[in-house]
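Q: Shown below is the structure under consideration.
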Amino acid sequence: GDLDVKVPVQTKDEYGKVIQTFNDMTLRLREAEDARRRLVADVAHELRTPLSIMQLKLENAQHAGQQVPPEMLLQLHDEVIRLSLLVEDLHVLSLAEAGRLSMDLKPLDLTTHLERMVEDVKYEAEEKGLDVRLNSKTSPVKVMADARRIAQVFINLLTNAIRYTPAGGKISVEIEDQVVDRGSIYARVSVTDTGIGIPEEDVAHLFDRFYRVEEARSRHTGGTGLGLSIAHHFVKAHGGFIRVQSKPNEGTTFTVYLPSCN
Ligand code: ADP
């Protein structure tokens, strides 16, 4: 394409440096262009399936000369909600990837915040026969954070733990204050489940957008494939990071490190 230019560098003087800079810029432009093209392809791919399901259902009903039956309306409504969530997730993800995510940083007590989130997912977990528990030894754990963004991070991790853990399993959340990692002090929250786990070769790709360990299986669980990408970007925007430990058929731990503010 247009960006496939590379000028040979023949001299080491100013002129040579200009050419080198030009080549570096072209390479970076090409990478950005490739990333944009991949994103568009990914989005098209993700939108295609739910849209064709809806189209087919509506056409079949029309064809039979019927009114759309109520249970089909419910299914169509679910698909529409899934699509809206996907579009919303894509929107924040693209802002985050561009470094243009708005952040409303305020002192936040992680312990109270997490208690509320665990409460929010409790019903869903118990319906599935899962036990969710928050273990915090320390009282308030202070971080400078955007409460809404942090809530989305942990809701994503908790929802995944519920999704990928069979009935009878356990999910535990642990909070620790003042954890030192490579010379910096963090608040550390881990979400551990006794679920299906993640094969070692997949762990490196987990935070890639639309990555799913098993395409077919994961798609049916109702996620968008963006949850972990969003969690990764949101935590990074706070100056933190996430680690994963997992064993297939035993379970998974996601650990979030957020800069401490004590
Ligand atoms: P999804 O919406 O598909 O859950 P995510 O970005 O949240 O997308 O997660 C990406 C993939 O990582 C999932 O499809 C699933 O295969 C795997 N995964 C995430 N969390 C867990 C977990 N707690 N246990 C096992 N697999 C997980």
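The values are calculated or read from the model by the stated rules, or taken from the named source; none is laboratory data. Fair warning: this is a prediction, and the values are worked out from it, not measured in the lab. All Cβ positions, glycine included, derive from the backbone under ideal geometry; neighbour counts span all protein chains shown. Accessible surface areas use protein heavy atoms only, side chains included; no ligands, DNA or RNA. Shrake-Rupley method; radii C 1.70, N 1.55, O 1.52, S 1.80 Å.
For (1) within 7 Å of the ligand (Cβ to nearest atom); (2) of a type in the set (Lys, Arg); (3) modelled with pLDDT under 95; (4) more than 22 Å from ARG133 (Cβ to Cβ), each residue gets a yes or a no:
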site	(1), (2), (3), (4)
LEU206	yes, no, yes, yes
TYR211	yes, no, yes, yes
THR224	yes, no, yes, yes
ALA231	no, no, no, no
VAL235	no, no, no, yes
GLY251	no, no, no, no
THR255	no, no, no, no
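Q: Cβ-Cβ below 9 Å, separation at least six or inter-chain, first residue in region 98-109 and touching a residue at least 60 places away in the same chain (Cβ under 8 Å), second among the basic types (Lys, Arg): which pairs?
A: LEU101/ARG149; MET103/ARG149; PRO107/LYS142
Q: With the checklist (1) modelled with pLDDT under 95; (2) within 10 Å of the ligand (Cβ to nearest atom); (3) more than 28 Å from LEU39 (Cβ to Cβ) in hand, flag the one item THR192 doesn't pass.
A: (1)
Q: Could you go through region 155-165 and let me know if any residue there is within 16 Å of the ligand (Cβ to nearest atom), touching a Leu at 6+ places or on another chain (Cβ under 8 Å) and of a type in the set (Lys, Arg).
A: No: zero hits.
Q: State whether one or more residues within region 234-242 are out of contact with any Ser or Thr (no Cβ under 6 Å at 6 or more places or on another chain), under 21 Å from TYR164 (Cβ atoms) and among the basic types (Lys, Arg).
A: Scanning region 234-242, I find no residue that is out of contact with any Ser or Thr (no Cβ under 6 Å at 6 or more places or on another chain), under 21 Å from TYR164 (Cβ atoms) and among the basic types (Lys, Arg), so the answer is no.
Q: Can you find a residue in region 141-161 that is open to solvent by 10 Å² or more (accessible area, probe 1.4 Å) and over 25 Å from ALA96 (Cα atoms)?
A: no
Q: Where the second residue is of a type in the set (Ser, Thr, Tyr) and the first is in contact (Cβ under 8 Å) with a residue 24 or more places away in the chain and lies in region 239-251, which pairs have Cβ atoms under 6 Å and are six or more apart or on separate chains?
A: These pairs meet every condition: GLY240/TYR257; SER246/THR252; GLY251/THR194.
Q: Among the candidates LEU134, LEU105, LEU85, LEU95, single out the residue that is hydrophobic (A, V, I, L, M, F, W, C), away from the ligand (no atom under 16 Å from the Cβ) and within 28 Å of ARG48 (Cα to Cα).
A: Of the residues listed, the single one that is hydrophobic (A, V, I, L, M, F, W, C), away from the ligand (no atom under 16 Å from the Cβ) and within 28 Å of ARG48 (Cα to Cα) is LEU95.
Q: Are there strands (runs of 3 or more DSSP E) fully within region 172-262 with at least 3 residues that are within 21 Å of VAL118 (Cα to Cα) and open to solvent by less than 40 Å² (accessible area, probe 1.4 Å)? List them.
A: Passing ranges, in order: 184-193, 251-259.
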